[in-house]
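Right, one structure below, let's go through it.
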Amino acid sequence: MKTNPNSKSAMRKLIVISFLTLDGVMQAPGGKEEDTSGGFKYGGWQQPFFGDNTVSEELGKMGALLIGRKTYDIFASYWPTEGKSIETFGPFMNNITKYVASRTLKETNWQNSILLKDDVAEAVAGVKEEAGKDIYMFGSGDLCQTLMRHNLIDEYLLMIHPLALGNGKQLFQQGGPKQDFKLLKSKITQNGILVLTYKVKN
């Protein structure tokens, strides 16, 4: 079925969950060696804030995950082994359907992973047109840029942490597309994290 990457009339929403610093950095929140590209030395900056349950509150709404190649490599090396015993998140991450967008990956060995090849925007648009619960995306900064340019992201759930790093990859980059948002809800956690949910208007 031919799809239109610029259409917003999909049955399923694509929702980006992003952990950010006050200066907009999204790079390597979870671990020191998660992403050291560009000489980034602050990997694992989110760890002092662990314990917030914002993401766990969203799990029941998720029908599938969408991830890029780098995020797939990180997740697939952790969740089926060390992470599988983590309460709630371990079984969830291993059992949920995962769409992996990559032109270089030949196969996926992590259970319930489906490889999206060729034109990423067209493939993601096709997945959105299928019936089911909404699709969520963690990390995958490069993939986010592609999906922004093709107007395929419906909502952002942004968790803004009270620190600034001064450098690192950003979610909203210089030269990116203009996007208009409508604030759907907001809250502040006990750890001082500002949680904002935005709908993309355009």
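If you restrict to DSSP beta bridges whose two residues both lie in the chain, what percentage is antiparallel, to the nearest 5?
Roughly 35 percent of the beta bridges in the chain run antiparallel, per DSSP.
Quick one: Debye curve from the alpha-carbon atoms of the chain only, equal weights, vacuum; give me log10 I(q)/I(0) at q = 0.11, 0.13, 0.14 Å⁻¹ to two decimals.
-0.50, -0.72, -0.84
Which value in Å is the Kirkwood Rh of region 28-132 over different Cα pairs?
One decimal place: 15.2 Å for the Kirkwood radius.
On full extension of the chain, what length is gained from residue 36 through residue 164, given 0.36 nm per residue of separation minus the C-alpha to C-alpha distance?
Here the segment from residue 36 to residue 164 would lengthen by 44.4 nm.
Between residue 178 and residue 85, what is the label-to-label distance in nm when each label sits 7 Å out along the Cα-to-Cβ direction?
Inter-label distance under the simple model: 5.4 nm.
On a C-alpha basis, how far is the centre of region 55-130 from the centre of region 147-202 in Å? Whole number, if you could?
Here the answer is 21 Å between Cα centres.
Let me have the 222 nm mean residue ellipticity of the chain computed from DSSP H runs of 4+ only, each contributing -39500 (n - 2.57), with the sum over all residues rounded to the nearest 500.
-5000 deg cm²/dmol
Among the listed pairs 117/169; 117/185; 32/98; 106/182; 61/182, give every one whose C-alpha distance is greater than 28 Å.
Beyond 28 Å: 117/185; 106/182.
What is the gain in length, in nm to one decimal, between residue 111 and residue 77 on full extension, counting 0.36 nm per residue of separation less the C-alpha to C-alpha distance?
Taking residue 111 through residue 77 to full extension adds about 11.0 nm, to one decimal.
Considering only DSSP states other than H, G, I, E and B, which GluC sites (Glu not before Pro) in region 40-127 qualify as loop sites with at most 13 other Cβ atoms within 10 Å?
Answer in residue order: 87, 107.
What's the carbon and sulfur percent of the chain's accessible surface, probe 1.4 angstrom, rounded to a whole number?
50 percent
The values are calculated or read from the model by the stated rules, or taken from the named source; none is laboratory data. Just so it is clear, the model here is predicted, and its values are computed rather than measured. Every residue, glycine as well, gets a Cβ built from its backbone with ideal geometry; the counts of neighbours run over all protein chains shown. Accessible surface areas use protein heavy atoms only, side chains included; no ligands, DNA or RNA. Shrake-Rupley method; radii C 1.70, N 1.55, O 1.52, S 1.80 Å.
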